[in-house]
Structure formats: C-alpha cells, structure tokens
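As structure tokens, the structure follows; a few thoughts come after it.
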Amino acid sequence: MSSKEKPTLGGTRIKTRKRNIAAPLDPASFSDAVVQIYLDNGGDLELVAKSIESSDLNFSRYGDTFFEVVFVGGRTQPGTIKPEEEGERHPYSVLDCEAQREAILPYVLYIQKTLRRRPFLIKNLENVMRKFLQSLEFFEENERKKLAIFTALAFSQKLSGLPPETVFQPLLKDNLVAKGIVLSFITEFFKEYLKENSLDDLIALLKKGKMEDSLLDFFPSAKRSSEALAEHFTNEGLTSLVAYNEKIMFEVKLKEIKSTLTTMINEETEISEVIETVKQQVKDAKFPDLEVIRMLWDVLMEAVQWSGKNQQQNSNSALRQVKAWAGLLNAFCTTGKLELELIYKVQTQCYEDAKLMKLFPEIIRTLYDQDVLAEDTILLWFRKGSNQKGRQSFVKALEPFVKWLEEAEEEE
C-alpha cells in the first residue's frame with residue numbers, strides 16, 4: 001500500500017463583478033413608465049418635465065425610446081415608425097397636437113429644457129429625427145406638416161446642439177424627392193422658419209447643412225429647373241428664396257464662363273473663337289451686358305503673369321494683355337453705356353490694386369488707341385463720372401490725355 005496522499009482538485013473561486021453583467025434591454029418598460037408620466041399629468045408639459053427630471057429612469061440607455069414617446073406617444077417598432085402593438089400610449093405627443101406654431105412650440109421648449117438637464121440626449125434626438133425624416137412617406141400629410149413646423153422651430157429656438165445636416169441630408173432620399181414629399185416638407189419648413197428669422201439666417205443654416213447651393217435638389221427631377229423653382233416659391237409667398245436662387249445660379253454660371261474664358265486665354269485661342277464662345281455662353285446664361293463687361297476685365301487681369309514687386313514689368317504685362325485682347329473687349333463694348341462701365345471697372349481695380357494704381361491713364365489711352373473706348377465716353381467720364389474711388393487722382397492723371405483729345409477735337 002502506498003502512503004502517498006491522493007491528489008485533490010483545488011483552486012480559487014473567481015467572483016463575477018456585478019458591473020460586468022449586462023442587464024437585458026427593456027425599452028417596453030421604460031416606454032410605459034414615460035407614457036404613465038404623461039397620463040398622470042394630463043399632458044401638461046411643465047408637470048411632465050418636472051416628473052421626468054425627478055425620475056430615476058435610465059435615459060442614457062433608452063434615449064431613442066424617450067423621443068419616440070415624445071413625438072408619437074409611444075414606442076415604435078425597431079427600424080420603422082409603426083407603433084408597437086403592445087405597450088401603453090398617450091394622446092399628448094407632437095403628432096397629436098394641432099399643426100400650428102402655438103401648439104408645437106411648447107414641445108420644442110420642453111425638449112430644450114430636457115436637453116439642458118441631460119445634454120447627452122441630443123444624439124438620441126438626432127437618431128429619432130433622422131429616422132422620421134427618412135420615413136416621411138409613411139406619415140400623413142398633416143403629420144409631415146407638424147414635423148416640418150417642429151423642425152423649423154427647433155432651429156429657430158436654437159435647440160441645443162442639433163446639427164442642420166441631421167435634418168437636410170436625410171431628406172435627399174431619391175424616392176422621397178421623386179414623390180414631391182421633400183418639396184412639400186421643406187416648403188413648410190422655410191415658411192415657418194422665415195416668420196421669425198431673416199433670409200441670411202436661413203442661408204447660414206443651409207450652409208451648415210451643406211445645402212446652400214442645392215435648393216433644386218429638393219425638387220423632383222421633372223421639375224428641377226430655375227423656372228419651376230421660381231413658380232413654386234412665388235406661389236408659396238417665398239419670393240426671397242427665388243431671388244436668392246437666382247443669385248446662386250448667376251454665380252455658378254459666372255464661374256463657368258470665367259473658367260472657360262481663362263482656359264482659352266491661357267491657350268492663346270483665336271480671338272474670333274473666344275468671342276463666339278463667350279457670346280453663346282452669355283446668351284445661354286442670360287447675362288446682363290454690364291456684368292459681361294465686368295467679368296471680361298476681371299478675367300483678363302487675372303490671367304496676367306504678374307512679376308512680384310517689379311512695377312515696370314507688371315505695367316508692361318498689363319498693357320500687353322489689354323492690347324492683345326482689345327478685340328474681345330471691343331466685341332462686347334457696343335454702346336457708350338458699356339464703354340463707361342468698362343472705365344468704371346478699370347478705375348475700381350486701379351484704385352484697389354497697388355500694382356495698377358499708376359497705370360490708369362495708360363490703360364485708358366491703350367483702350368482708346370485700340371478703338372475700345374470712344375472719345376465722347378472718355379470725356380463724359382472725365383467731366384461727370386460718378387464713381388468716386390480714387391476719382392480725384394485719376395482725373396488729374398488723365399488730364400494731359402483729355403487735353404490732347406479736346407485740342408484734337410477743336411482742330412477737327
């Protein structure tokens with residue numbers, strides 16, 4: 001018999017820490033508890049806010065569920081806006097009230113108060129709003145109007161931390177746009193927001209949402225034109241948006257023409273071809289003649305190869321550019337009014353650009369020699385010009401040339 005002890009099992013028992021045990025999700029109980037708060041207080045949002053503030057409900061875990069209860073009166077099925085078949089509901093939600101500012105504003109203020117107390121809930125508000133906006137087609141028309149008014153008031157009241165892209169980007173789903181649902185929603189949004197805010201405020205909001213140049217994206221493809229936009233927003237009383245869109249489209253087309261012209265100048269394209277191309281683009285864009293003159297001068301000067309601080313080289317380069325492309329300017333300076341506008345443009349740039357400050361009389365003389373400017377236009381500017389930028393010094397600098405013109409006129 002062996003005297004050795006038999007081996008025994010041994011070891012240390014490891015206790016599981018409670019914080020590592022994940023409690024099962026129970027959004028239904030949370031939803032029912034919030035709904036009961038609404039019911040107990042008869043939908044009085046001030047009393048509801050106080051009860052919620054003093055409650056020990058787990059908002060950090062069920063934030064999305066909380067806002068579902070706020071907006072639709074109860075919990076929705078996962079991934080949809082359909083209400084859960086089981087569970088309590090209350091009749092005091094955003095979608096249950098009237099589609100009017102006075103009825104919806106208290107909900108915005110109530111949420112604002114809640115977010116001040118629990119700022120982490122802003123992400124949950126984003127989640128729920130994004131889900132609802134992506135599912136607009138499943139709401140009734142009147143419910144969509146309520147959501148639009150709520151959204152406008154949320155931004156108008158500067159609801160804590162709500163980013164504009166949360167609202168605008170989900171709207172651009174192709175099926176929602178194609179059905180005209182987005183246009184209807186955004187129109188109600190614009191109308192409500194502009195009641196208390198300026199157009200500049202709205203544009204700033206659109207910029208934050210990366211939509212300032214994309215008003216047409218809200219329109220169905222069959223109606224995606226400036227004419228359709230103008231007609232729609234005019235009928236809705238939003239003429240300021242029509243003017244804004246016209247400005248945006250003008251700037252876009254101006255940029256396109258400038259880009260084309262710059263390329264042709266840099267490639268030293270034949271002037272006749274440049275003139276034909278610019279005329280066609282100007283016609284298609286319905287550009288005012290005065291704007292064309294300003295644009296041509298800007299592009300010509302931007303294309304000059306400037307030479308640092310060497311003033312003489314800069315002067316020679318600018319004058320060479322004017323001579324080389326005088327035919328282009330001449331093709332569009334077809335009236336005395338347009339010639340005068342060109343002088344004003346030259347005057348302004350010479351006043352604002354130190355490189356050209358002393359070059360004004362030489363540029364005017366060159367434009368005269370190249371038959372771009374008529375004698376009468378130059379004399380009119382000299383005697384009655386209305387642009388005051390540097391006028392006194394420029395008049396004095398041009399005086400010898402004007403005197404020569406007047407003497408030549410007398411001799412004739």
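The values are calculated or read from the model by the stated rules, or taken from the named source; none is laboratory data. No experiment lies behind these values; they were computed from the predicted model shown. Here the Cβ positions follow ideal geometry from the backbone for every residue, glycine too, while neighbour counts run over all protein chains shown. Accessible surface is based on the protein model in full, side chains and every heavy atom, while ligands, DNA and RNA are left aside. Shrake-Rupley method; radii C 1.70, N 1.55, O 1.52, S 1.80 Å.
The table for this structure:
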{"item": "Scope the stretch 126-147; condition open to solvent by less than 20 Å² (accessible area, probe 1.4 Å) and either under 19 Å from ASN197 (Cα atoms) or modelled with pLDDT of 95 or more (or both); matching residues", "result": "LYS146, LEU147"}
{"item": "Count of residues meeting criterion [open to solvent by less than 30 Å² (accessible area, probe 1.4 Å) and either over 24 Å from THR348 (Cβ atoms) or among the β-branched types (Val, Ile, Thr) (or both)] in the stretch 281-295", "result": "3"}
{"item": "The stretch 108-122 residues that are surrounded by 15 or more Cβ atoms within 10 Å (Cβ to Cβ), paired with ones that are assigned to a loop (DSSP other than H, G, I, E, B) and aromatic (Phe, Trp, Tyr) (beta carbon under 6 Å, 6 or more apart)", "result": "ARG118/PHE59"}
{"item": "When residues of the stretch 385-408 are limited to those that are of a type in the set (S, T, N, Q) and in contact with a helix residue (DSSP H, G or I) (Cβ under 9 Å, 6 or more places away or on another chain), the one least open to solvent (accessible area, probe 1.4 Å)", "result": "ASN387"}
{"item": "Subset of the stretch 364-384 [aliphatic (A, V, I, L, M) and surrounded by 21 or more Cβ atoms within 10 Å (Cβ to Cβ)]", "result": "ILE364, LEU367, VAL372, LEU373, ILE378"}
{"item": "Criterion: open to solvent by less than 20 Å² (accessible area, probe 1.4 Å), closer than 30 Å to TYR193 by Cα and assigned to a helix (DSSP H, G or I) - qualifying residue of VAL278, VAL322, VAL299, VAL242", "result": "VAL242"}
{"item": "Residue within the stretch 191-203 that is modelled with pLDDT under 90 and open to solvent by less than 20 Å² (accessible area, probe 1.4 Å) present", "result": "no"}
{"item": "Count - residues of the stretch 204-239 that are among the hydrophobic types (A, V, I, L, M, F, W, C), open to solvent by less than 50 Å² (accessible area, probe 1.4 Å), without any contact (Cβ under 8 Å) to a residue 24 or more places away in the chain and under 19 Å from ILE181 (Cα atoms)", "result": "3"}
{"item": "Whichever residue in the stretch 148-158 is open to solvent by less than 10 Å² (accessible area, probe 1.4 Å) and among the hydrophobic types (A, V, I, L, M, F, W, C) and, among such residues, is nearest to LEU202 (Cα to Cα)", "result": "ALA152"}
{"item": "Residue match in the stretch 43-60 (condition: closer than 21 Å to PRO163 by Cα and at pLDDT 95 or above)", "result": "no"}
{"item": "Any hit, the stretch 249-272, residues being open to solvent by 100 Å² or more (accessible area, probe 1.4 Å), in a loop (DSSP other than H, G, I, E, B) and under 24 Å from GLU212 (Cα atoms)", "result": "no"}
{"item": "Any hit, the stretch 307-315, residues being closer than 18 Å to GLN370 by Cα, open to solvent by less than 10 Å² (accessible area, probe 1.4 Å) and not aromatic (Phe, Trp, Tyr)", "result": "no"}
{"item": "Top-ranked residue of the stretch 161-180 - restricted to ones that are part of a loop (DSSP other than H, G, I, E, B) and either of a type in the set (Val, Ile, Thr) or buried (at least 16 other Cβ atoms within 10 Å of the Cβ) (or both), ranked as nearest to the chain's Cα centre (by Cα)", "result": "LEU162"}
